[in-house]
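Comments concern the structure below.
Values quoted throughout were computed directly from the atomic coordinates according to the rules given, and no laboratory measurement underlies them. Remember, predicted model here, so these are calculated numbers, not experimental data. Cβ sites come from the backbone with ideal geometry, for glycine too, and all protein chains shown count toward neighbours.
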Amino acid sequence: MKTAQSIRLDDYYIIFDESLTYLSAFLKEKKYSQILILADSHTAKLCYPKLLELLPELKSAILIETPDGESNKNLDACQEIWAKMLKAHADRKAVLINLGGGVIGDMGGFSAACYKRGIDFIQVPTTVLSQVDSSIGGKLGVDFKYGKNLIGVFKNPVLVLMSTVWLETLDKRQIVNGFAEIFKHALIQSPIQWKILSEATELPPTDFEQVLYDSLLVKKQVVETDPYEKGWRKILNFGHTIGHAIEANSLQKDENPLFHGEAIAVGMIMEAYIGTLTSGFPQKDLEEIVKVLTLHYGHYNIPEGSESTIWEAMLLDKKNQNRQILAVVLKAIGQPDIDVEITKELFQKAFNYYRSLA
Ligand SMILES: NC(=O)c1ccc[n+]([C@@H]2O[C@H](COP(=O)([O-])OP(=O)(O)OC[C@H]3O[C@@H](n4cnc5c(N)ncnc54)[C@H](O)[C@@H]3O)[C@@H](O)[C@H]2O)c1
Ligand SMILES: [Zn+2]
């Protein structure tokens, strides 16, 4: 089965399916023994009723609800999910539909991949971040007491369904948050998309579906080239080496911590600046990145005395090699430079540069 608005990735399709007619046909064709739907406390209230409205035949499916949020993406929650699946007598021909953001997609996919050695799962991402990033690429997993995403597997869904209908209940901050990954995809691989996005004054732009489609093509090309992150896939980490450390620092120190994408926006500015020092990234392009990202994310006042905590967090990055902090910077818009060492001196300069933008 294939429709016009679709992207093929490995052996499955990403389908733009606003009315869910494709899902209906897909489920009929697959003849699953049972359909289970995983939602968190928000998506169970806000998205599940819409899902039933669009596809009344799913009324007989079993809803598994789990508490929302990153703090509930763990093995305890998986155990609850597995227990509910067993209680529902789900066998190996059952399918799990993950209806939610990245937390539900990562944890539901992981739960399905482990349940009775693996059942099919379908991703129905309901946040911008999960649509453009976490629902594709095959990385599944949960957080563990020593850190984020430490326990997991690589496995593809049988189907990913994209629809803008879910975004109606998503607040503006969450939408803009997810857009950081869309900006990132454009900056690492697509000067044309960057040009289009840099002209958008509002997020999401009116042609959101097209923007999402183009952005997904970037992630598709990258993960297909390097599915297990041996090399090229690292380019998806642009903005994340410093951004993750800023996110962790904000979680510790800010009353209202940054969302992931907001921290990555800061990281992208700092790493783009580093590119001007190490890789010949043009100053005028840096200035444009600063202008565009500041328009949508504002300027973040990094809490006083955070330099050393952020630097320490960067030293713990699991992507470091031989105690060197290796990051992705830009040579030009659309052209990443991988494995650039960020020394403490470079970090300090980038930090001072970001501060000077206030
Ligand atoms: N697997 C990957 O490759 C990958 C990539 C990037 C991020 N991630 C993971 O994704 C997660 C973050 O994803 P996220 O930002 O979607 O977070 P999330 O799943 O926690 O969703 C954010 C919030 O929005 C709510 N929500 C979801 N859909 C909604 C809707 N349509 N209307 C109203 N509220 C809604 C959720 O209940 C939650 O409170 C992290 O755990 C991160 O590790 C994974
Ligand atoms: Zn990210």
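The Kirkwood hydrodynamic radius of the stretch 241-358, based on inverse pair distances between different Cα atoms, is 14.3 Å.
Hand me the GluC sites (Glu not before Pro) from the stretch 200-285 located in a DSSP loop with no more than 12 other Cβ atoms within 10 Å, in residue order please.
GLU202, GLU255
Just so you know, the Cα atoms of the stretch 6-169 work out to an Rg and Dmax of 14.3, 43 Å. The sum of -39500 (n - 2.57) across all DSSP H runs of n ≥ 4, divided by the residue count of the chain, sets its helix-only mean residue ellipticity at 222 nm to -14500 deg cm²/dmol.
Peptide packing: for 67-80, 320-333, the average count of neighbouring Cβ atoms within 10 Å per residue gives the ranking 320-333, 67-80, highest mean first. When the Cα positions of GLN210, ILE310, VAL153 are compared along the charge dipole of the chain, VAL153 comes out farthest toward the positive end, with charges on each C-beta of Lys, Arg, Asp and Glu.
Over the chain, the ratio between the Cα radius of gyration and 2.2 N^0.38 Å evaluates to 0.99. Counting only residues at least eight positions apart within a chain, or on another chain, the aspartates and glutamates with an alpha carbon under 17 Å from that of LYS284 are GLU199, GLU271.
Within the straight-line cut-off of under 12 Å between alpha carbons, the aspartates and glutamates reachable from LYS219 are ASP133, GLU181, sequence neighbours fewer than 8 places apart in one chain being disregarded.
Of all segments of the chain bounded by chymotrypsin sites (Phe, Trp or Tyr not before Pro) found in a DSSP loop with no more than 11 other C-beta atoms within 10 Å, the longest spans 1-145.
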